[in-house]
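First the structure, in the form of structure tokens, and then the observations on it.
Where a number appears in this text, it was derived from the coordinates with a stated rule and is not lab data. These figures come from a predicted structure and were not determined experimentally. Virtual Cβ from ideal backbone geometry, glycine too; neighbours counted across all protein chains shown.
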Amino acid sequence: MNSAKGNSKRSEARPTPPAASAAHASLGYRPLYRQVKELLMKRLGDGSWAPGQLLPSEPEIAAGLGVSPGTVRKALDEMSSESLLVRRQGRGTFVASHDEERILFQFFRMVSDNGVRRFPESRTISVSVAKADELASKRLGISLKESIVAIERVRSLDGRPCIHEKIVLPRALFPGIERIKDLPNNLYALYSVKYGVTIARGSESLKAVAAGPRQVELLGSEPGEPITGTAVRELYEETGLTVRAEALKVSHLVHGAWSVEAPNGYLTVVFAAHEWSGEPENREPLKHAQVRWTDVGALPDPFVKSSAGALRRYLSADRPEVSLHGWE
């Protein structure tokens, strides 16, 4: 930071702002300061502005974007209120570092019954390298079979294991992270300091699900609802279709060697039902490309390989079978 003192050195250390015409081309019809904020957020995300870096002055940013300094100031004020930036009197505006306090209040929203926020401790269970499956490819915006790193951790509050965490990273963005012997508790700090990647925002969803065998093993929790109950609930949550648990018949089993959510292998139970109510709708578009009826003789292509194999085997057999996926 000391090397940034003096106007000449600050100018050398700052990334060149994009041309005003290019900036205007990417602006839409939302409030102008929000559009400016989005552009500045991208600079945090792509590493143009690194953690701890002194930002250009408001007039410099404004000139580069072709907007007024007041618009830039409003965007920076909002980013500061979200702990993305830190304003220091007489020194300027800096990119915030990923310290535990910032992560606690911006990204970790779980609190104990007494309302006290604590940063959880972590224990790394496994780190593995694999090829991206369809879900990882979609979520990370990378090509299918591109190399990824899967990190499995247990997170504890007050010494009690309470979170089973599975993290999937594009290996190209974090080269060598799988070789780090002791991953730190604060991974966001590692991302920013070692790899120049700043986590600017996150999306999250929360729902209650039954504890699987892995969660029972790692968290010491009790096994959850019967598997037929899980199937009925998830079918409704994801497609809007309603079936009775007693109407489900086991039609197929898929024994997989690996997936993003199960790096140590998984067992999928496929049910068939001939009675249901409702019309299908895609309630989880980030999980499913589409949800619709299709003729059994015209299965869509492309199709998730393991699911396609299970369905085709079910349609061609008169009793449940087991198929293997990824063990070749």
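Could you line up HIS325, HIS255 from fewest to most neighbouring Cβ atoms inside 10 Å?
Fewest-to-most ranking of HIS325, HIS255: HIS255, HIS325.
Measure off 7 Å from each Cα along the Cα-to-Cβ vector at PHE303 and SER147, then give the distance between these two points in nanometres to one decimal.
Result: 3.4 nm between the two label points.
Listing SER259, SER203, SER80, SER126 from the residue with the fewest other Cβ atoms within 10 Å to the one with the most, what is the order?
SER203, SER126, SER80, SER259
Roughly what percent of Cα-Cα pairs across the stretch 225-325 reach past 17 Å? Walk me through the numbers before you get to the answer.
Numbers: 3000 of 5050 pairs.
When all Cα pairs of the stretch 225-325 are counted, 59 percent exceed 17 Å.
Could you derive backbone 3J(HN,Hα) for the stretch 47-54 from the dihedral phi with the Karplus parameters 6.51, -1.76 and 1.60 (θ = phi - 60°), listing whole Hz in sequence and x where the residue is Gly or Pro?
x, 4, 10, 8, x, x, 6, 7
Under the rule of at least 5 residues apart or a separate chain, name every residue whose amide H is placed under 5 Å from the amide H of PHE271.
Sorted by chain and number, the residues that satisfy this are SER251.
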